[in-house]
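As C-alpha cells, the structure follows; a few thoughts come after it.
None of the figures in this text is laboratory data; all of them are computed from the coordinates on show. Please read all numbers here as calculations on a predicted model, not as lab measurements. Here the Cβ positions follow ideal geometry from the backbone for every residue, glycine too, while neighbour counts run over all protein chains shown.
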Amino acid sequence: MSKQIQITVSPREAAIAEALEKIVAAKAGCRPGDIAKLDILRRSIDARKRGQVKVFLTVEIFLHGEEMIKPSYDFRFENVRSCPEVVIAGAGPAGLFAAFRLIERGFRPVLIERGKDVGDRKRDIALLCRGEGLNPESNYCFGEGGAGAFSDGKLFTRSRKRGDIKRVLQLFHLHGASDDILIDAHPHIGTDVLPTVIRNMRQTIVQCGGEFHFGQKLTDLIICDGKVSGIATATGDRFKGRAVVLATGHSAADVYEMFHRNGYLLEPKAFAMGVRVEHPQELINSIQYYRSPEAAYLPAAAYALASQIEGRGVYSFCMCPGGYIVPASTSAGGQVVNGMSTARRHTAFANSGIVVETRVEDTGEFAQYGVLAGLRFRQHIEMLAAQNGRPDQVAPAQRTIDFVKGRISANLPACSYLPGVVSSSLHSWLPAQISRRLQEAFKVFDRKMQGFLSSESAIVGVESRSSTPVRIPRDIATMQHPQLPGLYPCGEGSGYAGGITSSAIDGVNVAEKL
Ligand SMILES: Cc1cc2nc3c(=O)[nH]c(=O)nc-3n(C[C@H](O)[C@H](O)[C@H](O)COP(=O)(O)OP(=O)(O)OC[C@H]3O[C@@H](n4cnc5c(N)ncnc54)[C@H](O)[C@@H]3O)c2cc1C
C-alpha cells in the first residue's frame, strides 16, 4: 500500500531529492532507505510572504516490498472507420478534444483546417519571426493545434466547474507532455514540446479512423431540410456529416463575416484590448521572490495583477515567464502581439498581456457596425498598430515609464520580440479610454509590485486577441445554434471559452452533447 503525505518545504529541500526523501521519511515514520519510490503528486509555490518562499507538496511513497501500481488512463479510443461522420471545422484545442470525445462515443471525426500541419506551420512561423513575410493561413493563430500550438502552453483555468480538467491534462500527458503537468498547480507544456504533442494527437485520431484535411478553409455552411449537414470550403470541396462542430477560434474574422452576411444570429460581447509588457526576468524574480537566497531553486517567477480603473477591469493576461513576445497577427496589414515560453522558461525576459475590459459602448464610432462593432474596432486598432510600427511585423513599443509619464522613448530596452520594435508614442494612437486606463493601472501595479515600473521595462502593441468580441450563440440545453440545428458552436471563437484548457473542455462538452 502506498502512503500519501502533505508537506511544506523550502525551495532547496523541494529541489534536492535526498533532502526531500529525508523529510518525507521523518514524516512517514520510516528511514529514507525504506522508501523504494517517491512520487510528487502535487506541487505549488507560495511566495506571498516576504522572505518566506515555501513549496507545498503532496507526495506518494512506496516502501520496499510494496506493490507499485502504474498510473493508467481511462481512455478508450476504438476504431471508428465505419461510424457516422461529424465534421469539425478547426483543429485547435476545442476541435481536437471534440474529436477525441467523438471517437470515444463511436463517431468518426473529420477535421477541416485552413492552416497547415504543425510541422509545416513551424517553418512559416520561423519565416515570420525572421521578418520574411506573414502567411495569412499559417501563422501563430492558424494551423494545426490552433492558437495555442506555439505558446507557453499554460493549462491553468479558472473554469473548474465546466468539466474534467484532469482528463484534459492526462490526454496531453498521454501524447507527450511532461509529468510535471499532472503535478504543478499552474501547469504549462512549452512551445518546444507542444508541436510534438499535437502531432501525436493527430496520429491517435487518424489511427482510430478520423481524418484531417489541411489547407481547407470553411467558407459556407451546407444546410439540408433546415439542418446543417456539412460545410463548403474555399477550394470548392464539400464535407458532409451528421453534424458540424464549429471550432474556428476568435481570429477567424471571415467566419463571423460569413454569419453576418447570411443573417445567422451573432451576439456582441465584451472583450479586452491592451499591450504586452516585458521586463527582465531577473527583476520579476527579485520582486516576487524578495531576493530569496533560494531563488536559484525556483522556476522563473510569474505574476498576476488586476485593478479597476474608471469602471473597467485592467488585468494581466497570459503571463509568460522566461519567454518571448511573438507576432500573432493573421494579416500583413495588422499588428498583434502575444507571448510564449519554452518548457524551461529560460530566456532573460518576462512578458505579459496587460489588457483593458472593453464593452461595445467603448467602441465609439464603430458602434454603427452593430454586432460586428467589436470586430471592426479590433481590426482598426491592429491596423493603427501596424502603421505605427514598420513593415514585416516590426512592432511599436515604448518604455513603460515613458508611457506613464507621457513622453516619447528616445531608445528602447532589449526586447525578446524577434521581428524587432520601433519607438512609438502609444498614447497617440491607442483609443484614449484604453491608454488612459493602462497608464493609471501601471501606477497601481507598481505599488503592488514595487519595481514594476522599471526603466528596463517596455510595452509593445497591440494585445488584441485575448478574447472574442463576438459570440456565436448556442442553446443552453442542446448546445446547437438557435437558428441552425446541427451546428455546434464551440471553443473560444464562439465565446464559450478562453484559453487552451477551457476550449478543450468545451470541445469535450459539445461532443458529449452531440
Ligand atoms: C501566441 C499565443 C499564446 C497563447 N498562450 C496561451 C497559453 O499559454 N495558455 C492558454 O490557455 N491560452 C493561450 N493562448 C490562447 C489559446 O491558444 C486559445 O484560447 C485557444 O487555442 C482557443 O482554442 P480554440 O480551439 O477555441 O481556437 P483556436 O486555437 O483559435 O483554433 C481554431 C482553429 O480553427 C482554424 N480555423 C479558423 N478559421 C477556419 C476556417 N474558416 N476553416 C477551417 N479552419 C479554420 C484555425 O486555423 C485554428 O487552427 C495563446 C494564444 C496565442 C496566439
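Taking the average, over residues, of other Cβ atoms within 10 Å as the packing measure, peptides 166-174, 85-93, 105-113 rank 85-93, 105-113, 166-174 from highest down. Karplus-derived 3J(HN,Hα) values for segment 136-143, using 6.51 cos²θ - 1.76 cosθ + 1.60 with θ = phi - 60°, are x, 10, 8, 7, 5, 9, 10, x Hz; glycine and proline are entered as x. Neighbours of Gly370, meaning other residues whose beta-carbon lies under 12 angstrom from its beta-carbon, give a summed charge of 0 when Lys and Arg score +1 and Asp and Glu score -1. Within the straight-line cut-off of under 17 Å between alpha carbons, the lysines reachable from Lys3 are Lys22, Lys27, Lys37, Lys70, sequence neighbours fewer than 8 places apart in one chain being disregarded.
Give the relative contact order (percent, whole number) for segment 128-182; include only Cα pairs under 8 Å separated by 6+ residues.
Working: 20 pairs, mean separation 8.9, N = 55.
Over segment 128-182, the number comes to 16 percent.
Once backbone amide H atoms are built at 1.01 Å from N, Tyr496 has Gly491 as its partners under 5 Å, excluding neighbours fewer than 5 places away on the same chain. Close amide-amide hydrogen proximity is noted between Val337 and Ala328, Val462, Glu463, Ser464, each under 5 Å apart and 5 or more residues distant or on a separate chain (H modeled in the peptide plane; Pro and chain starts excluded). Semi-axes of the equivalent ellipsoid for the chain, computed as √(5λ) from the eigenvalues of its C-alpha gyration tensor and ordered from largest down, come to 37, 34, 19 Å.
Largest first and in whole Å, what are the equivalent-ellipsoid semi-axes of segment 268-463 based on the Cα gyration tensor, each being the root of 5 times an eigenvalue?
Working: eigenvalues 152, 66, 48 Å².
Result for segment 268-463: semi-axes of 28, 18, 15 Å.
What ranking, highest mean first, results for peptides 273-286, 206-219, 27-40, 378-391 when packing means the other Cβ atoms within 10 Å averaged over each residue? Please list the in-between numbers first.
Details: 273-286: 23.7, 206-219: 17.9, 27-40: 14.1, 378-391: 19.9.
Result, highest mean Cβ count within 10 Å first: 273-286, 378-391, 206-219, 27-40.
Can you give the relative contact order of the chain as a percent, counting alpha carbon pairs under 8 Å and 6+ residues apart? Relative CO of the chain lands at 18 percent.
Rounded to the nearest 500, what is the 222 nm mean residue ellipticity of the chain from helices alone, with -39500 (n - 2.57) per DSSP H run of 4+ residues and division by all residues? Don't jump to the answer; show the numbers that get you there.
Values: 12 runs with 135 residues, N = 514.
Taking each H run of at least 4 residues, the total per residue is -8000 deg cm²/dmol.
Local charge for Ile309 was computed over the other residues whose Cβ lies under 15 Å away, with Lys and Arg +1 and Asp and Glu -1, and equals +2. Summary of the geometry: segment 485-507 and segment 345-364, compared by the centres of their Cα atoms, lie 21 Å apart.
Annotation: peptides 311-323, 496-508, ranked by per-residue average of other Cβ atoms within 10 Å with the highest first, follow the order 496-508, 311-323.
Distances between placed amide hydrogens fall under 5 Å for Arg471 paired with Glu267, Lys269, all partners being 5 or more residues away or on another chain.
Tell me which DSSP H helices of the chain clear both cut-offs, 15 Å or more of axial length from alpha-carbon atoms and a mean Kyte-Doolittle hydropathy of at least 0.0. Don't skip to the end; give the middle numbers.
Details: long enough: 17-28 (16 Å, 0.56); 93-104 (17 Å, 1.09); 118-129 (16 Å, 0.03); 194-207 (20 Å, 0.04); 373-387 (21 Å, -0.06); 432-448 (24 Å, -0.85); 500-513 (20 Å, 0.28).
In the chain, the long hydrophobic H runs are 17-28, 93-104, 118-129, 194-207, 500-513.
Between their Cα atoms, which of Lys154/Lys513; Lys54/Lys443; Lys116/Lys217; Lys405/Lys443 are more than 18 Å away from each other? Correct reply: Lys154/Lys513; Lys54/Lys443. Its Cα gyration tensor gives segment 3-63 an equivalent ellipsoid. The semi-axes, each the square root of 5 times an eigenvalue, are 22, 11, 9 Å from largest down. Between the alpha-carbon centres of segment 106-176 and segment 189-249 there is a gap of 13 Å. Computed from backbone phi with θ = phi - 60° and the Karplus coefficients 6.51, -1.76 and 1.60, the 3J(HN,Hα) list for segment 214-228 is 8, x, 10, 9, 4, 10, 7, 9, 9, 10, 10, 6, x, 10, 6 Hz; x is used for glycine and proline.
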